[in-house]
Amino acid sequence: MSEISENVLKLILQKLESQEELLVLLIPDFKTKKGVANFFGVCEKTLDNWKESGKFQEGVEYFINEKGRVEYIPQGLYEHKKNRQNKQNTNKEAKSEKQKIYHPSVMNIVKGLKVG
């Protein structure tokens, strides 16, 4: 391997390590209900409602530990948020595609108006 490619690999490794350090600072606290609620931008009661309604599934987003307490699964929470955002984006796109249909006489009036 040439000296240049070794230097490039070292630089890439340094960048990855610095990105990893930044990521650790940004990872939300999933150990508490409050941290999970902040991650989703909802109140803690909403998390309880999601568990009761089945939006949060045991074994996917959370589990009950040996002490009977709820522990959250980070990967499941990330997937839930990603799916939730995709669903919201799909709904926004569907709403924007709908066109308002006016009575033909209204359309004639609107066409005749000059803007500006």
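The values are calculated or read from the model by the stated rules, or taken from the named source; none is laboratory data. Note that this is a predicted model, so its numbers are computed, not measured. All Cβ positions, glycine included, derive from the backbone under ideal geometry; neighbour counts span all protein chains shown.
Being touching a residue at least 12 places away in the same chain (Cβ under 8 Å) and exposed (fewer than 14 other Cβ atoms within 10 Å of the Cβ) narrows it down to one residue among GLU71, GLU61; which is it?
On the way: GLU61 fails: exposed (fewer than 14 other Cβ atoms within 10 Å of the Cβ).
That would be GLU71, the only listed residue that is touching a residue at least 12 places away in the same chain (Cβ under 8 Å) and exposed (fewer than 14 other Cβ atoms within 10 Å of the Cβ).
Just to be sure before I move on: is PHE56 in contact (Cβ under 8 Å) with a residue 24 or more places away in the chain, outside any loop (DSSP other than H, G, I, E, B) and under 16 Å from the mean Cα position of the chain (by Cα) in the structure I sent? Break it down into steps so the answer makes sense when it comes.
Working: in contact (Cβ under 8 Å) with a residue 24 or more places away in the chain: yes; outside any loop (DSSP other than H, G, I, E, B): no; under 16 Å from the mean Cα position of the chain (by Cα): yes.
Judged against the criteria, PHE56 is not a match.
Please determine, by comparing only the residues of region 93-109 that are assigned to a helix (DSSP H, G or I) and loosely packed, with under 10 Cβ neighbours inside 10 Å, which one is modelled with the lowest pLDDT. Spell out how you get there, then give the answer.
Our first condition is that a residue be assigned to a helix (DSSP H, G or I); within region 93-109, this holds for 93-97, 104-109.
Next, from what is left, pick out any that are loosely packed, with under 10 Cβ neighbours inside 10 Å: 93-97, 104-105.
Working: GLU93: 65, ALA94: 63, LYS95: 63, SER96: 59, GLU97: 56, PRO104: 75, SER105: 73.
By that ranking, first place goes to GLU97.
Just one of the numbered conditions (1) under 24 Å from LEU26 (Cβ atoms); (2) out of contact with any strand residue (DSSP E or B) (no Cβ under 6 Å at 6 or more places or on another chain); (3) at pLDDT 90 or above; (4) surrounded by 12 or more Cβ atoms within 10 Å (Cβ to Cβ) is not true of ASP48; which one?
Against the list (1) under 24 Å from LEU26 (Cβ atoms); (2) out of contact with any strand residue (DSSP E or B) (no Cβ under 6 Å at 6 or more places or on another chain); (3) at pLDDT 90 or above; (4) surrounded by 12 or more Cβ atoms within 10 Å (Cβ to Cβ), ASP48 comes up short only on (1).
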